[in-house]
Amino acid sequence: MRIAIIALGTQGDVQPYIALGKGLHAAGHAVRLLTHENYAGLVNSHNLEFCSMQGNVQELIETQEMRDLLARGNFLEITARMAKETQQAAIRWAQAGLVACQGMDLLIVGVGGLNLGVALAEKLDIPLLQAYVFPFTPTKAFPGVLFPQLIARFGGSVNWLSHQLVRQLLWQGSRTGDTLARKQILNLPAAPLLGPYHSPYLRRYPVLYGFSPSVIPKPSDWQNTQVTGYWFLDAAPNWTPPDALIEFLENGSPPVYIGFGSMGSQAPEKTADLILRAIEQSQQRAILLSGWGGLRPENLPNRVYLVDSIPHAWLFPRVAAVVHHGGAGTTAAGLRAGVPAIVTPFFGDQGFWGQRIAALGVGTKPIPRRQLTVERLTQAIQTAVTDQSMRQRAAKFGAKIQAEDGIANAVAVIERMGR
């Protein structure tokens, strides 16, 4: 089959779809990945065909405005800002997508590419497959990912309603741009006021979920869905770790990994100082990810090693614990590695994953970014490193996930559809 995948968002949002594309390519399918221009090198390094969708997410998140918004953690403010960017890009995305999806046999989309994918499917009459990395199908089993999981005590109907509200929050912010793209580029009528969620193109095939059923068991009211296991993107074949990093790992106890991925920091220097003080007080060694937050502390102590980027699949099994922002991809990598996690959510679904890790007993209670202090981080690190019951649970969980093959399961479902 000729398959197009639309993957938009941060690197953590995009990587699972590159992994899925690699699996489909290895199975003999022609795969074209439509994503932001700043991921061209990443896509090409895994031998997939790249199609540029205008926009550089890294540049946007590094602006002071976005750093301030992320520091405040107000999802409505962040969504409004992202919606403004999306509205400006929607027409250009539709133009690129219209060209890239000509002659495709299947279109695969996640949440970031859903609206565009539905519009392109309608325009070109292409079968559409939904493939998500966090729960997006309404269920009575648990609340939506943007809501505190404590609201589950109000019952299944409230849970179901919270999922519908998540869908509307995401849709209403992008509705204006979607309407412009449909009318000006695709010559289609506007999607319904409450979104394209009832499009017949969304009902033909199963919905795929790229997370482990051990982490989120499939709810009984999820019809026509498949929970396949995670879609992991391992390091490119030609990647090798720096000699200095190998030396650091070998010359002491396993360090703690600390990194917030693509989440910008409002005050990078203060954040770096907070982290260094927590490392010192907990008496641990650490690998510190500078990331997009610009964390570059001067005069690092010998107990700390700084990296700009590192494949999680390689590093996480070599550390004592992972401190991260709770992105779906980083959460998955930490779970597979079998080490305890400390989640510091900024916004979006990150709080959901942090609460899930705590509920499973494989990490500490999440510390929202606005509540992060030296004392709280120190205590969490000490717990993650010394709590043997937690460490044993994390190791058993890692073994379960390592035994799964989410990509092979997803490819099998997709190939059955093509028959």
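For the reader, a short list of remarks on this structure follows.
- Any chance residue 374 is touching a Lys or Arg at 6+ places or on another chain (Cβ under 7 Å) and farther than 26 Å from residue 147 by Cα: yes
- Evaluation of residue 12 against (1) of a type in the set (Gly, Ala, Ser); (2) farther than 24 Å from residue 414 by Cα; (3) at pLDDT 60 or above; (4) crowded, with 16+ Cβ neighbours inside 10 Å (one fails), failing number: (2)
Table: residues versus (1) surrounded by fewer than 19 Cβ atoms within 10 Å (Cβ to Cβ); (2) farther than 22 Å from residue 18 by Cβ; (3) outside the structural domain of residue 106 (by TED's automatic domain parsing).
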{"residue": "365", "(1), (2), (3)": "yes, yes, yes"}
{"residue": "376", "(1), (2), (3)": "yes, yes, yes"}
{"residue": "379", "(1), (2), (3)": "yes, yes, yes"}
{"residue": "385", "(1), (2), (3)": "no, yes, yes"}
{"residue": "390", "(1), (2), (3)": "no, yes, yes"}
{"residue": "396", "(1), (2), (3)": "yes, yes, yes"}
{"residue": "408", "(1), (2), (3)": "yes, no, no"}
{"residue": "413", "(1), (2), (3)": "yes, no, no"}
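- Contact annotation: residue pairs with Cβ atoms under 8 Å, 6 or more positions apart or on different chains, pairing a residue in the stretch 304-318 that is closer than 25 Å to residue 280 by Cβ with a partner that is basic (Lys, Arg) and exposed (fewer than 15 other Cβ atoms within 10 Å of the Cβ), are 306/296.
- Residue in the stretch 146-162 that is modelled with pLDDT of 95 or more and closer than 21 Å to residue 346 by Cα present: yes
- Yes/no for residue 403 being within 23 Å of residue 19 (Cβ to Cβ) and surrounded by 15 or more Cβ atoms within 10 Å (Cβ to Cβ): no
- Summed over the stretch 134-164, residues that are part of a helix (DSSP H, G or I) and either within 20 Å of the chain's Cα centre (by Cα) or farther than 20 Å from residue 116 by Cα (or both) total 14.
- Selection from the stretch 367-417 of residues that are farther than 17 Å from residue 24 by Cα and of a type in the set (Lys, Arg): 369, 370, 376, 391, 393, 396, 400
- Checking residue 326 against (1) in contact with an Asp or Glu (Cβ under 8 Å, 6 or more places away or on another chain); (2) surrounded by 17 or more Cβ atoms within 10 Å (Cβ to Cβ); (3) at negative phi, the condition it does not meet: (3)
- Of the criteria (1) buried (at least 21 other Cβ atoms within 10 Å of the Cβ); (2) farther than 24 Å from residue 90 by Cβ, which one residue 26 fails: (1)
- For the stretch 171-187, the criterion of a residue being under 12 Å from residue 115 (Cβ atoms), over 27 Å from the mean Cα position of the chain (by Cα) and not in a helix (DSSP H, G or I) is satisfied by no position.
- Taking the criterion of being free of Cβ contacts under 8 Å to residues at least 12 places away in the same chain and within 20 Å of residue 310 (Cα to Cα), the only residue of the stretch 8-41 that qualifies is 41.
- Strands (runs of 3 or more DSSP E) (entirely within the stretch 284-354) containing at least 2 residues that are modelled with pLDDT of 90 or more, touching a helix residue (DSSP H, G or I) at 6+ places or on another chain (Cβ under 7 Å) and closer than 21 Å to residue 243 by Cα: 286-289, 304-307
- Residues in the stretch 357-378 that are within 19 Å of the chain's Cα centre (by Cα), outside any loop (DSSP other than H, G, I, E, B) and at pLDDT below 95: 369 only.
- Qualifying residue in the stretch 58-68 (condition: in contact with a helix residue (DSSP H, G or I) (Cβ under 7 Å, 6 or more places away or on another chain), among the aliphatic types (A, V, I, L, M), modelled with pLDDT under 90 and not assigned by TED's automatic domain parsing to the domain that holds residue 355): yes
The values are calculated or read from the model by the stated rules, or taken from the named source; none is laboratory data. Keep in mind the model is a prediction, meaning the values are calculated, not measured. Cβ atoms come from the backbone with ideal geometry, glycine included; neighbour counts cover every protein chain shown.
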